[in-house]
Amino acid sequence: MTQKILVVEDELDIIKLVRAYLEKAGYAVVTATAGQEALSVFRHERPNLVILDLNLPGMDGLDVCRALRRQSDVPIIMLTARLDETDRLIGLEMGADDYIVKPFSPREVVARTRAVLRRAEGEPVKPDVIAAGEISLDMPRRQASKVGRPLDLTTMEFDLLAVLVAHPGQVFTRMQLLEQVQETAYAGYERTIDAHIKNLRAKLEDDPHNPRFIETVRGVGYRFIQE
Ligand code: CA
């Protein structure tokens with residue numbers, strides 16, 4: 001089945017380029033050049049993944065990301081021309097799964113699209129359910145729950161939680177976590193893990209400032225607290 005990618009970008013040259021490479025890689029491509037249009041195309045076309053420019057006229061990329069997240073856990077790759085880390089992290093805090101900084105090569109877009117989709121589909125896993133304490137993850141359904149109550153996690157959050165819960169008590173560095181959840185782990189991107197952990201805690205913990213589940217190991221990384 002052909003997978004469909006929604007590309008949201010107001011620069012027509014970029015749309016044209018990205019479309020050409022994605023189509024060559026076998027994907028169907030639909031496009032939008034503004035935020036509201038993106039939401040309506042999303043509803044009608046139900047794409048498998050959204051490539052979303054941060055800088056759009058009117059409703060910007062973050063607003064679109066937020067709006068998409070309210071209705072779907074579709075994988076989202078943000079495009080950004082802003083190089084500073086804060087903006088990147090904000091993108092991830094809004095629930096994006098990955099981001100690409102402009103100028104990018106269209107090949108990178110195809111590679112990231114493939115990687116994020118593969119992750120979203122979930123590679124074949126051995127155990128059907130991974131559980132530790134109050135948290136359990138139904139791997140085939142990709143549904144996490146806390147004492148039976150479903151948690152609404154993004155693809156990246158689910159994958160991170162799965163790694164941590166599968167190894168309670170084990171400390172992971174940010175780089176190790178990044179390697180576990182991404183096809184390609186880029187040095188220097190380790191801090192993005194912090195943003196995902198922060199989001200996870202907000203959904204998981206009774207009090208995110210006093211985490212009971214995911215512990216920060218100062219100077220090292222994170223671990224799932226063994227009961
Ligand atoms: Ca733009």
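The values are calculated or read from the model by the stated rules, or taken from the named source; none is laboratory data. Owing to the predicted nature of the structure, the values given are computational and were not obtained by experimental measurement. All Cβ positions, even for glycine, are placed from backbone atoms using ideal geometry, and neighbour counts span all protein chains on display.
Entry remark, the stretch 143-196: residues being among the basic types (Lys, Arg) and either buried (at least 17 other Cβ atoms within 10 Å of the Cβ) or assigned by TED's automatic domain parsing to the domain that holds residue 50 (or both) number 1 in total.
So is residue 75 over 17 Å from residue 14 (Cβ atoms) and modelled with pLDDT under 75 or not? Considered against the rule, which asks whether it is over 17 Å from residue 14 (Cβ atoms) and modelled with pLDDT under 75, residue 75 comes out as no. Restricting the stretch 1-52 to residues that are of a type in the set (A, V, I, L, M, F, W, C) and in a loop (DSSP other than H, G, I, E, B) leaves a set whose member that is surrounded by the fewest Cβ atoms within 10 Å (Cβ to Cβ) is 1. Where residues in the stretch 53-75 are polar (S, T, N, Q) and away from the ligand (no atom under 16 Å from the Cβ), which of them is surrounded by the fewest Cβ atoms within 10 Å (Cβ to Cβ)? Among those residues, the one meeting the criterion is 71. From the list 154, 113, the lone residue that is touching a Gly at 6+ places or on another chain (Cβ under 9 Å), modelled with pLDDT of 90 or more and under 27 Å from residue 51 (Cα atoms) is 154.
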